[in-house]
1. Putting +1 on Lys and Arg Cβ atoms and -1 on Asp and Glu Cβ atoms, find which of B:122, B:165, B:90 reaches farthest to the positive end of the dipole of the stretch B:80-178.
2. Radius of gyration and Dmax for chain B's Cα atoms, expressed in Å?
3. Put +1 on the Cβ of every Lys and Arg and -1 on every Asp and Glu Cβ in the protein assembly as shown; which of A:137, B:189, A:111 then has its Cα farthest towards the positive end of the dipole?
4. Considering only DSSP beta bridges with both partners in chain A, what is the antiparallel share in %, to the nearest 5?
5. Run a plain Debye calculation on the protein assembly as shown (Cα atoms as equal point scatterers, no solvent) and give log10 I(q)/I(0) at q = 0.06, 0.09, 0.11 Å⁻¹, rounded to two decimals, same order as the q list.
6. Sequence gap at least 6, Cα distance under 8 Å: using those rules, report the relative contact order of chain B to the nearest whole percent.
7. What spacing in nm lies between the two simple spin-label points modelled at residue B:200 and residue A:292, each 7 Å away from Cα in the Cβ direction?
8. So the label point sits 7 Å from Cα along the Cα-to-Cβ vector; using that for residue A:341, what distances do you get to the other copies, in nanometres, sorted shortest first?
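FYI, it's all coordinate maths here, none of it is from the lab. Given the structure is predicted, the values throughout are model-derived calculations rather than measurements. Here the Cβ positions follow ideal geometry from the backbone for every residue, glycine too, while neighbour counts run over all protein chains shown.
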There are 2 protein chains.
Amino acid sequence: MVSPVEQAQALTPAAVEAAYALIRPYVHRTPLLTCRTLDTIASTPQSPESLVGTPFEGQTPARPRFRFFFKCENLQRIGAFKARGAFHALLRLIEERGEDEVKRRGVITHSSGNHAQALALAASTLHVPAYIVMPHISTSSKIAGTRSYGAEIIFSGSTSVEREAVVAEIQAKTNAILVPPYDDFNIICGQGTTGLELEAQYTEQVGSRALDAVITPVGGGGLNSGVATFFSDKSTRVFGAEPIFEGADDCRRGLQAGERVAKVSTLTIADGLRTPVGLLNWQVISNKRKVEGVFAVTEEQIMAAMRLVFERMKVVVEPSAVVGLAVCLFDEGFRRRVEQEGGDNGWDVAVVFSGGNTTLEAVAKLFG
Amino acid sequence: MVSPVEQAQALTPAAVEAAYALIRPYVHRTPLLTCRTLDTIASTPQSPESLVGTPFEGQTPARPRFRFFFKCENLQRIGAFKARGAFHALLRLIEERGEDEVKRRGVITHSSGNHAQALALAASTLHVPAYIVMPHISTSSKIAGTRSYGAEIIFSGSTSVEREAVVAEIQAKTNAILVPPYDDFNIICGQGTTGLELEAQYTEQVGSRALDAVITPVGGGGLNSGVATFFSDKSTRVFGAEPIFEGADDCRRGLQAGERVAKVSTLTIADGLRTPVGLLNWQVISNKRKVEGVFAVTEEQIMAAMRLVFERMKVVVEPSAVVGLAVCLFDEGFRRRVEQEGGDNGWDVAVVFSGGNTTLEAVAKLFG
């Protein structure tokens, strides 16, 4: 086995470029949208009252200037960026082990979310059997979504011990190859293509200026570490965003303590971000030259950001998708930095909307 | 006064082109989106059970083939196509009466919906005072939206008699010029630019084929009659769509009876379509060579279409916006026609999403 430290050294912009060449025929080039209304709202200082009870109480609210570029991975295939990593991991498996072996053995993962659907889609597209272990409490729409791509679903209990036991059982029977959701070299390179694509689109739209910053959600860290890998030799700063609820800000806490937090138990509404950051992902994200900081937001701030995206941009996003925007809108530490470093010009910030897989019922439950 | 019949004769494609030249700097060229998932769903026959209780019970479900092109006027300024008509009407007023007179007198309308915000935006952009009479029961988000464009809001009772009395009172004081929401030559030409734009975008995307059909919602009929005016010298067929609830299908009933229905009282969830079709609009829509048919859908069908757009396309639309899609999905008469005339090639159908002005609370109320 190659250690995470050694693997991290191989995570280079060139590896992301190679991933893109491979997956390009299989994924959407999702739009990079602008919204002047959201620029104006984020560029307006918060009220002094809204800072009461925060570390910034009593200070003059920051006056940052934002121009946003929203990378709409909610419009990606299966409704989330996860399609990129799943196609890349599977295409590499076929390249490395040969089509016959991969088709004979099949692939397996355990997930109740977007990775399950992504792997199911990639497998059906490439004619590989897929086994998806899902907790039996998964919502019926997610089960139906995964099944609609032709994957075989095996139900398990909802703890990770119960899930992994079922995975081992299926692997013993089928010899299926595990495709992990985020803590994996090829998954990280695949998700990193989000950064490559948004940078190209930004240049098409804006011209020769360099993007000042990118902010993405951090759950297991596949997206954030992939995007940071792509930008690691460029001037664009990369930031991460997490929910704070019930300790979901494990990455931020780990960075403060100088050690990865390995366990998280949270029921944040940002359900894609309930997992701890992975080992390989941590190697990238904890490197200050790659990721400059990770910020965290409250459930109320996530809901306020969702409302703006829904009502002003008319775009459907899942709660996990808007934590980066919520940081830009509400985190005074981040806003102060944009004010100080961006000055009168402000910053051009790419905000990755990671996914849009929610239902009208789920929205009704949150906002009803 | 010129009669509606005479005015209708002047409603030509050239009049829509002239409108477009005038408003182009002020409105968004909204995207024309495709969605393979929705194509597949609409191109799948309905189940025989779903036809029980309809006039098509017992018949073999139609096998139409659809390729959709969604004209996203929910992404238009103020969140609806109404911006087109309002800018056009106001720019023409200035052209015809001079800037001084229009700025001195101002403009007035009564509306609780998208026309109010559209006129407020056009007036503030062109530095003309605007008076908007709104029922005091209007939702606070609509009042705030209209006020944010700098218009003066005057509250009234909610019946049309009460509203018109307040308009007359303000006009007596200010001499403000009335800009009606739909029954007006310049408004119709402005809304018709939606058709002009989508045809150009369709040609860019698809090449030299002609679009088979366009379907738009019909409330007062400004959008539908404008679009039909633009296509009146082309092979593209134009259709209208209405809600059926509590007689909101006034246009369809009028066509059947051979006489416009002048009064409607409905609380359909498609709140932009509660008005009867206007006199001038009726001149166009009742002309079979311009509008080939108007279809109507139930509240449940509107909600099912909203759900698909929200969950599959990840796009926020208001209920009024999806009646055209609901016709394509559920109306067996329309579907049979597409099967018969489109054959194996099917039809390329442009569906106009008229607006996206809804709130998370409103969605929660519908789907909670």
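1. B:122
2. Taking only Cα atoms of chain B, I get Rg and Dmax of 19.9, 66 Å.
3. Result: B:189.
4. Values: 3 of 34 bridges.
Restricted to chain A, the bridges split so that about 10 percent are antiparallel.
5. For the protein assembly as shown, the Cα-only Debye profile gives -0.39, -0.86, -1.21.
6. Numbers: 746 pairs, mean separation 79.5, N = 368.
It comes to 22 percent, rounded to a whole number.
7. It is 4.0 nm.
8. 5.8
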